[in-house]
There are 2 protein chains.
Amino acid sequence: MYPQLLAHIKRYVALTPQEEQLLCDKIELQKFRKKEFLLEPGKLCKGNYFVLTGLVRQYHITNKLAEQIVQFGLESWWIADQESLVNHQPSNYYIQAIEASEILLLTESNRIILSKEVPVLESYFRVMMQKSFVAMFRRVNFMLNLTDEERYNFFAKSYPEFMQRVPQYMLASYLGFTPQFLSRIRAKKA
Amino acid sequence: MYPQLLAHIKRYVALTPQEEQLLCDKIELQKFRKKEFLLEPGKLCKGNYFVLTGLVRQYHITNKLAEQIVQFGLESWWIADQESLVNHQPSNYYIQAIEASEILLLTESNRIILSKEVPVLESYFRVMMQKSFVAMFRRVNFMLNLTDEERYNFFAKSYPEFMQRVPQYMLASYLGFTPQFLSRIRAKKA
């Protein structure tokens, strides 16, 4: 049984003990070393990953051969390439462990089986997608309306612990500015 | 009965005739004049809107008192302020008819009732949210990796009919550049 995952799900929907068992039977625990890949370009994303411990990032390589980070996955976050999942197409992305990580995989085929056996999971995943959409929507707004410095300040204020854990160059990539620019902002704050 | 909505749903999930009836009984047909508002800041978003005919936009007023368009809704698209819906909080957005529009409203309370009576609708709305997330995710990527001109060209190629319908200043706002910049790009193409 995976109490951390069950606790997360039960914040949104009720599960009977039997449903909890059905769910946990369909989950695979996977361990990744630092820098190991959960997903690589050209492969189908296997399913949705729930981070128990550790930290992962999703990124791709741009035309200019830079790493562009598009998402992070922290403890009790789900991460996946939804485009690969929904369109059944090979991914354009890497998902990689930044730290040694313990991760639960719910494969897409198991999610489909489970959605019949435990229908409330459809509601749970609908809410997860809705919240992910809202987060991405806010990010578009920040990119359209905030300066780089305002975006940094907002992020630093909202996720102080996260700022400590993530290497600076990854944070710069995620926020869409150069490591040099990030250094200047941080020097100004200090 | 609303065949356009039913056709859209049946691309993703199967509905019995009885379920179709249950669904249509819970839908409200609303007509909006050009420039009329479906949603205004400070109000709760009532539910999800499905555009039958016409065109709507979602926008907010920035600190610099400019209109920032964040989404459009075309025929057979859903539009809503998901943040207001998922967090039960007043909206920060306007949703406004750009053209006279016929729109179906599925209120949030009716959606919750329906999700019990017609459980496949949870799957349908999960997929809708997943596709919306993917679209927003791609938009973040374009903003991080494409120049303004590349973004314009991609949009013009992907949605030629849409480009004809939407006033230029709205398109500029959505793409995040000034009307002057948009005029220059278009002059270059012509």
Subject >> Distance in nm between pseudo-label sites at B:M1 and B:A66 (7 Å out along the Cβ direction from Cα) >> reply: 4.8 nm
**OP:** Take every Cα pair under 8 Å in chain B that's 6+ residues apart, average their separations, divide by the length, and report that relative contact order as a whole percent.
**Re:** 24 percent
Subject >> Inter-chain Cβ neighbour average for residues A:135-145, partner chain, 10 Å >> reply: 6
Original post:
Got a sec? Which residues in the range B:82-115 would a label at B:Q30 touch, if it sits 7 Å along Cα→Cβ and we count backbone N under 14 Å?
Top reply: B:82, B:85, B:91, B:93-98, B:101-111
Subject >> Peptide B:117-125 - average C-beta neighbours from other chains (10 Å radius) >> reply: 4
**OP:** Can you list which of the trypsin sites (Lys or Arg not before Pro) found in the range B:30-126 are DSSP loop residues with at most 15 other C-beta atoms within 10 Å?
**Re:** B:R33, B:K34, B:K35, B:K43, B:K64
**OP:** Would you compute, for the Cα atoms of the protein assembly as shown, the largest minus smallest coordinate along each principal axis and list the three values in descending order, in whole Å?
**Re:** 57, 55, 38
Original post:
Do any chymotrypsin sites (Phe, Trp or Tyr not before Pro) in the range A:97-158 lie in a DSSP loop with no more than 16 other beta carbon atoms within 10 Å, and if so, which?
Top reply: none
Original post:
Distance from the Cα centre of the range B:62-130 to that of the range A:112-128, in angstrom?
Top reply: 21 Å
Original post:
Among A:K188/B:K131; B:K46/B:K116; A:K116/B:K43, which pairs are too far apart, with a Cα-Cα distance over 30 Å?
Top reply: A:K188/B:K131; A:K116/B:K43
Original post:
Which whole number of Å³ per residue matches the convex hull of the alpha-carbon atoms in the range B:3-119?
Top reply: 100 Å³
Subject >> For a label point 7 Å along the Cα-to-beta-carbon line of B:Y12, residues of the range B:78-100 with backbone N under 12 Å >> reply: B:78-79
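Bear in mind that the values in this text are calculations on the coordinates, not laboratory data. What you are looking at is a predicted structure, and each value in this text was computed from that prediction instead of being measured. We place every Cβ from the backbone using ideal geometry, glycine too, and count neighbours over all the protein chains shown.
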